[in-house]
Amino acid sequence: MKIIKFLKKSGEVLAILLLLLLCWTASFFITSWLFHIFSINRLAFYAKYIIDSFLGFFLFGLIMYGISKIGFIQKKQSLFFRPMIDAMKNMAQGNFNIDLSFYKEEIGNRNHPFYEIAESITHIAKQLGEMEQMRQEFISNVSHEIQSPLTSISGFAHALKNDHLSPEERRQYLQIIEVESIRLSKLSENLLKLTSLESAHPPFQPKTYRLDQQLRRVILSMEPQWRNKDLEMDVSLNKMTISADEDLMDQVWINLIHNSIKFTPNHGTITVKILKNDTDSIAVIIKDTGIGMTKEVQMRIFERFYKADPSRNRSNGGSGLGLSIVKKIIEMHKGDIQVESSPKEGTEIKVKLPINNPGT
């Protein structure tokens, strides 16, 4: 097969060389005839050389143009470009499962321009296919998350029409409707927040402020939650000034500390402290004695709508978007978030941030 391809390529090169030879030969004789007819002698050699060259190129281009108009050649060109044209049409219609192996077999040489074009189109189709799959999963997850509270609200609102309900049952149903409404509102808020953060110009206004004061404020705002579970808050916050978007970082600390409170059993301990890594960065450690998580869960907790235990998260009002928002905000601040955890041994989250943030 390789010998056949080699012979085919050699024949094509030979045909082009032969055509060039014929064009320049014709050009030579045409120029000589013109010089003889018009008796041109001055600068004859130089002029003849220039005319030969231009006339040779002209004849070659004319012949190639004529060949390109031959039906057989046009059909061959169409067959060569057809897979690429079909691939682009499929991509435009939303079908990203394309096959351009034709060019790999036909060309073989990875450095050939058409081979590289085919590789690029295949790569683009793969990326677009993955994005489309993510989009469909996102829509499916959003629909599911919205449908769940709406079903509860609709069901219990219908049940409230029963005139024979006791006051206690009526209060219970109204409380469920209220909880599910708050859950729906929180989901909508998080979706808007995530959309805003992933826009071309996300809200980002860094300023210099005291990080230790911010963390104390967030912890105090959650006092009813951790006191209700009789949790011990071990807080060690040295004075630390950073440059960051204070409103966005509020969202980070609220989500992380809220998760620690939510998944730590009664009488547990939550530790919050600030460590200075070097002159340019700091780390905020949030550690709890909660239920912990497996390595598999740790690898996926920052995915949108991911829930290690959907039923548990649903009862706690979680939507699976909080940690996605946290990760996005930290990335905007050129920081990093790390998770260390084991089942029944608690979780430690380390947020690393530059002290002086240059912005996105």
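The values are calculated or read from the model by the stated rules, or taken from the named source; none is laboratory data. Given the structure is predicted, the values throughout are model-derived calculations rather than measurements. FYI the Cβ positions are ideal-geometry reconstructions off the backbone, even for glycines, and counts take in every protein chain you see. Accessible surface is based on the protein model in full, side chains and every heavy atom, while ligands, DNA and RNA are left aside. Shrake-Rupley method; radii C 1.70, N 1.55, O 1.52, S 1.80 Å.
Remarks
- Output for the range 279-307, where each listed residue is basic (Lys, Arg) and free of Cβ contacts under 8 Å to residues at least 60 places away in the same chain: 295, 300, 307
- For beta carbons closer than 9 Å, sequence separation of 6+ or different chains, a first residue in the range 109-122 that is farther than 11 Å from residue 84 by Cβ and a second that is modelled with pLDDT of 80 or more and charged (D, E, K, R), the qualifying pairs are 110/116; 110/119.
- Enumeration of residues in the range 168-202 that are part of a helix (DSSP H, G or I) and of a type in the set (A, V, I, L, M): 174, 176, 177, 179, 182, 184, 187, 191, 192, 194, 197
- Among residues of the range 168-181, those that are open to solvent by 90 Å² or more (accessible area, probe 1.4 Å) and touching a residue at least 60 places away in the same chain (Cβ under 8 Å), counted: 0
- Pairs, first without any contact (Cβ under 8 Å) to a residue 12 or more places away in the chain in the range 267-278, second not aromatic (Phe, Trp, Tyr) and not in a strand (DSSP E or B), C-beta under 9 Å, six or more apart: 275/238
- Within the range 111-167, the set of residues being loosely packed, with under 14 Cβ neighbours inside 10 Å, among the charged types (D, E, K, R) and in a helix (DSSP H, G or I) comprises 126, 130, 132, 135, 137.
- Within the range 314-342, considering residues that are crowded, with 17+ Cβ neighbours inside 10 Å and polar (S, T, N, Q), the one modelled with the lowest pLDDT: 319
- In the set 184, 191, only one residue is in contact with a Leu (Cβ under 9 Å, 6 or more places away or on another chain), surrounded by 11 or more Cβ atoms within 10 Å (Cβ to Cβ) and touching a residue at least 40 places away in the same chain (Cβ under 8 Å); that residue is 191.
- Which numbered condition residue 260 misses (of (1) of a type in the set (Ser, Thr, Tyr); (2) open to solvent by 40 Å² or more (accessible area, probe 1.4 Å); (3) within 29 Å of the chain's Cα centre (by Cα)): (2)
- Residue in the range 101-110 that is assigned to a helix (DSSP H, G or I) and either touching an Asp or Glu at 6+ places or on another chain (Cβ under 6 Å) or modelled with pLDDT of 80 or more (or both) present: no
- Number of residues in the range 189-219 that are hydroxyl-bearing (Ser, Thr, Tyr) and modelled with pLDDT of 80 or more equals 2.
- In the range 203-246, residue most open to solvent (accessible area, probe 1.4 Å) [restricted to those that are part of a helix (DSSP H, G or I) and in contact (Cβ under 8 Å) with a residue 40 or more places away in the chain]: 226
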